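What follows is a short report on a single structure.
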Amino acid sequence: MSLWKCGVAGCDGRFETAADAVIHQTVEHERHECRICGTVVPEGYFAIRHAFEEHSRAEFVRAYDANSSHVRERERVKDEIESEMDLRSVVETLESRGAL
Ligand SMILES: [Zn+2]
Ligand SMILES: [Zn+2]
């Protein structure tokens, strides 16, 4: 079976479920400060979600010196994670651990 990669730079963590990967990213990694608005968000999935739900693609590209293939790759990861995991239960787990 294929494993979910953490994907955060310098981390080679692999997990059986998307939920485990997102919980790992949120609990184990330093927070990420959004380059567009300065909000501090968990690294990984929640950082992608923040960037794409709170900001436009154009803002993302400018602030992160990204291009359209970076954007497409992150959109793909976000969709894949969201189709696999139950976001509400992941958020509840993280809140119960005081991680969100
Ligand atoms: Zn990791
Ligand atoms: Zn932001």
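Each value in this text was obtained by applying a stated rule to the coordinates, not by laboratory testing. Given the structure is predicted, the values throughout are model-derived calculations rather than measurements. FYI the Cβ positions are ideal-geometry reconstructions off the backbone, even for glycines, and counts take in every protein chain you see.
In contact with a Pro (Cβ under 7 Å, 6 or more places away or on another chain), within 16 Å of ligand 2 (Cβ to nearest atom) and of a type outside the set (A, V, I, L, M): does that describe Arg62? Can you show your working first?
Working: in contact with a Pro (Cβ under 7 Å, 6 or more places away or on another chain): no; within 16 Å of ligand 2 (Cβ to nearest atom): yes; of a type outside the set (A, V, I, L, M): yes.
Judged against the criteria, Arg62 is not a match.
The rows are residues; the columns are (1) over 14 Å from the mean Cα position of the chain (by Cα); (2) surrounded by 13 or more Cβ atoms within 10 Å (Cβ to Cβ); (3) within 14 Å of ligand 1 (Cβ to nearest atom); (4) over 25 Å from Arg88 (Cβ atoms).
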| position | (1), (2), (3), (4) |
| --- | --- |
| Val8 | no, yes, yes, no |
| Arg14 | yes, yes, yes, no |
| Gly38 | yes, no, no, yes |
| Val41 | no, yes, no, no |
| Tyr45 | no, yes, yes, no |
| Phe52 | no, yes, no, no |
| His70 | no, yes, no, yes |
| Arg74 | no, yes, no, no |
| Val77 | no, yes, yes, no |
